[in-house]
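The values are calculated or read from the model by the stated rules, or taken from the named source; none is laboratory data. Please read all numbers here as calculations on a predicted model, not as lab measurements. Heads up, the Cβs are rebuilt from the backbone with ideal geometry, glycines too, and the neighbour counts pull from every protein chain shown. Ligands, DNA and RNA are excluded from the accessible area calculation, which covers all protein heavy atoms including side chains. Shrake-Rupley method; radii C 1.70, N 1.55, O 1.52, S 1.80 Å.
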Amino acid sequence: MANNSLKVIVERNVPFLDALAGLADVSYLPYPEITPDAVRDADALIVRTRNRCDAALLEGSRVSFIATATIGTDHIDLPWCASAGIEVANAPGSNAPGVAQYVFSSLMRVINRPLRQYRIGIVGVGHVGSIVERWARAIGMEVMLCDPPRQQSEGGAHWHTLDEIARHADIITFHTPLTHGGAHPTFHLADAAFFNSLRRAPIIINSARGPVVDNRAWAEALRAGIAGPAIIDCWEGEPRLDTALLALASIATPHIAGYSIQGKQRASQMALSALCRHFGLPDTPVTDAAGAPIVIAPCAGSITEAAALNGYDPTADTAALQANPDDFERLRNTYALRPELPEAIGY
């Protein structure tokens, strides 16, 4: 039975949360309608990256909990929320297999030779980067890893600098969070100096966060021929895009790399479980359209090139975005979730 005194606002594009209606008074709102007036008497929010959660939205409300059904938290003012006593939960790793699938499926559309002939540089070896590394090694690719925070904490001689990757990799794929400060900021990690240091005109992939790569510098590098084919899912200034870069990209998608069925199920389950813990409610499983609890499949241990090629074709998504860049948000919000590669693929 729902607790009608507990009020929860859910951004309506977060799926698989029908079971929440049995726990609380729930309002499903499009993200522009999640306003200070709307949240004033809410106890909790479940959002995505489009909702900026800060003092401007939350001050004066009774919100004590925010779950974002995303990996990143750069849309949430974490210090302010902590000072206001608001717990914040995210969904680390939830969409990692989907993003890794996007990387390899896109590469198979761009490259006409076996991937094992290529050296891949992975910048950021967390949830996504670790899967990309595992699958690349399974295919037989040579791998270069760059992750200064992990290198600093773990040591070892298997790490490479970004400059080494720029000089020696045939493919460079970014999988870092977006950070502006600290010892290793990632804002414009790939800037004009990075592009000018490239030596092999590598394929470059950004399925991390848009501002990790300086989009203007990327377009200049493509026009100059010093960067190879561009595979872009995350853009600076979303939903408004650099249309010059969009036209030059080989694969261009509206921030949907992680939009797998299983990834959304994981993210929604993590958000729902965190909410239940915060308010002392029984842990509740996410459900399918028929109301049945969902058992979420694990990530594939390895893949084959054929599986990557057949698992997802980004060309239709690319054509749709390049034809109508102003439709970025609509294309993202109405995207038909795709299945991830099965757990046993490649074995």
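Observations on the structure shown:
- Along principal axes, Cα extents of the range 244-347, largest first, whole Å: 51, 39, 24
- Of Thr73, Thr315, Thr173, the order by accessible heavy-atom surface (1.4 Å probe, DNA, RNA and ligands excluded), from most exposed downward, is Thr315, Thr73, Thr173.
- Where N is the number of residues in the range 65-141, Cα Rg divided by 2.2 N^0.38 Å: 1.49
- The Cβ shell under 11 Å around Asn333 holds other residues with a net charge of +2, Lys and Arg each +1, Asp and Glu each -1.
- For the chain, the mean residue ellipticity at 222 nm estimated from helices alone is -9500 deg cm²/dmol, where every DSSP H run of n ≥ 4 contributes -39500 (n - 2.57) and the total is divided by all residues, rounded to the nearest 500.
- Solvent exposure of the range 54-99, expressed per residue, is 36 Å² of accessible area, with all protein chains present and a 1.4 angstrom probe.
- Within the range 25-84, all pairs of alpha-carbon atoms sorted by distance into 10 Å bins from zero give the percentages 22, 64, 14.
- Accessible area expressed per residue, the range 128-179, with surrounding protein chains retained (probe 1.4 Å, Å²): 43 Å²
- Accessible carbon and sulfur surface of the chain relative to its total accessible area, %, 1.4 Å: 52 percent
- Above 20 Å, the calculated P(r) of the range 133-265 contains 47 percent of its Cα-Cα pairs.
- Principal semi-axes in Å for the range 119-198 [√(5λ), Cα gyration tensor, largest first]: 19, 16, 12
- Taking all protein chains into account, the per residue accessible area for the range 208-347 stands at 42 Å² (1.4 Å probe).
- Relative contact order of the chain, defined on C-alpha pairs under 8 angstrom at six or more residues apart (%): 17 percent
- Cα-based helix-to-principal-axis angle, 215-224 vs the chain, degrees rounded to 10: 20 degrees
- Value of Rg to Rh for the chain (Rh from inverse mean 1/r over Cα pairs, i.e. Kirkwood): 0.98
- For the range 1-145, the average shadow cast by the Cα convex hull is 10.8 nm², which is a quarter of the hull's surface.
- For a label point 7 Å along the Cα-to-beta-carbon line of Ser83, residues of the range 36-53 with backbone N under 20 Å: 36, 52-53
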